[in-house]
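*Asks:* Please read through the structure below; I'll follow up with questions.
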Amino acid sequence: MLAHSHFHSTVSAHGTITATMFIKHNHSPYRDALIKEVAGLQLLRQGIAHDPKNPLRIPEVFNVSEQQLTLTQITSQRPGKHQWQQLGEGLARLHSQQQSHYGLKTDNYIGLNPQPNGIYQDWGAFFIQQRLQYQLSLIRDRSIQKKWQQTLVQSSDKLRQFLNDNCPHPSLLHGDLWNGNVLFSSDAVWLIDPAIYCGDREADLAMTEMFGGFDPEFYRAYDNAYPRTDTYQTKREIYNLYHYLNHYNLFGSGYLDGCEKGWEIITSL
């Protein structure tokens, strides 16, 4: 979590509550964390707005500073079958919009770590350099860092080729798509807290499976709208390696096994 949050209601001159807002305070080490979050929300909003049939919604930003962010307050509830279907269809519709490049002009954050970006035309190179290599640079245990660095160097050419051969186009990605970053209200499905960039759409889908997975209706609806590729199962382990490395760097050895599984898949390509 980047920030502590609480609710705030505004009151009209007549004493009635007119809106409920959600306030996040920035307690991260990064002064611009909330600013970058808003930039990500705006890009998601623009992508969804390109398609009038997309059912997904993004909370409105009322104001933002380095210290705090004020958003629409969403009263969440347990989702039904229809809302999981809306999420799957909406994400597929967003992913189907072809972007002009991989990466992003500006850097942002993935949880409490920086996420470097930059503009690339080569997806494999971007993922290796700006995702895996950067996380390796953060590892404090030198023996583990050296071992994984050697694996990446030895496998880099075939990994780059595999990723480029199996990514037809760049898509706008949420970037941190786990259960906690999707909210279901009584009438809508909302995306929050993105770590946005452009990349292989299946990187978003991979992360949905990292902590137990979304409801089967989500995957059914997504595949009906934009079927996953034949190489998704392999790519899932590779793309989630990025998040396992990030969690290892942030939270420690509980994520070592997840990292090792990803490296094993890469060496077997």
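Bear in mind that the values in this text are calculations on the coordinates, not laboratory data. Since this is a predicted model, take the numbers as computed values, not measurements. Cβ atoms come from the backbone with ideal geometry, glycine included; neighbour counts cover every protein chain shown.
*Asks:* Take segment 23-79 and flag every residue that is of a type outside the set (A, V, I, L, M, F, W, C), surrounded by fewer than 16 Cβ atoms within 10 Å (Cβ to Cβ) and closer than 24 Å to SER100 by Cβ.
*Replies:* GLN42, GLN46, HIS50, ASP51, PRO52, LYS53
*Asks:* I'm checking my understanding of the structure. Among residues of segment 86-112 that are charged (D, E, K, R) and more than 19 Å from LEU183 (Cβ to Cβ), which one is surrounded by the most Cβ atoms within 10 Å (Cβ to Cβ)?
*Replies:* By that ranking, first place goes to ASP107.
One line per residue, one yes/no per condition, for (1) in contact with a Pro (Cβ under 8 Å, 6 or more places away or on another chain); (2) of a type in the set (Lys, Arg):
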| site | (1), (2) |
| --- | --- |
| ALA39 | no, no |
| ILE48 | no, no |
| ASP51 | no, no |
| ARG57 | no, yes |
| GLN67 | no, no |
| THR72 | yes, no |
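*Asks:* Just one of (1) part of a helix (DSSP H, G or I); (2) in contact with a strand residue (DSSP E or B) (Cβ under 9 Å, 6 or more places away or on another chain) trips up GLN233, so point out which.
*Replies:* (2)
*Asks:* Say whether the condition of being touching a residue at least 60 places away in the same chain (Cβ under 8 Å), at positive phi and not basic (Lys, Arg) is met by at least one residue in segment 171-187.
*Replies:* yes
*Asks:* Another question, then. Considering only segment 204-215, I want to know if a residue exists there that is over 26 Å from ASN54 (Cα atoms), buried (at least 22 other Cβ atoms within 10 Å of the Cβ), in contact (Cβ under 8 Å) with a residue 12 or more places away in the chain and hydrophobic (A, V, I, L, M, F, W, C).
*Replies:* no
*Asks:* Where the second residue is of a type in the set (Gly, Ala, Ser) and not in a loop (DSSP other than H, G, I, E, B) and the first is more than 12 Å from TRP190 (Cβ to Cβ) and lies in segment 73-87, which pairs have Cβ atoms under 6 Å and are six or more apart or on separate chains?
*Replies:* Here the result reads GLN85/ALA221, each pair linking segment 73-87 to a residue that is of a type in the set (Gly, Ala, Ser) and not in a loop (DSSP other than H, G, I, E, B).
*Asks:* Another one. For segment 152-171, does any single residue satisfy the condition of being of a type in the set (S, T, N, Q) and in a strand (DSSP E or B)?
*Replies:* Yes, there is a match, as at least one residue in segment 152-171 is of a type in the set (S, T, N, Q) and in a strand (DSSP E or B).
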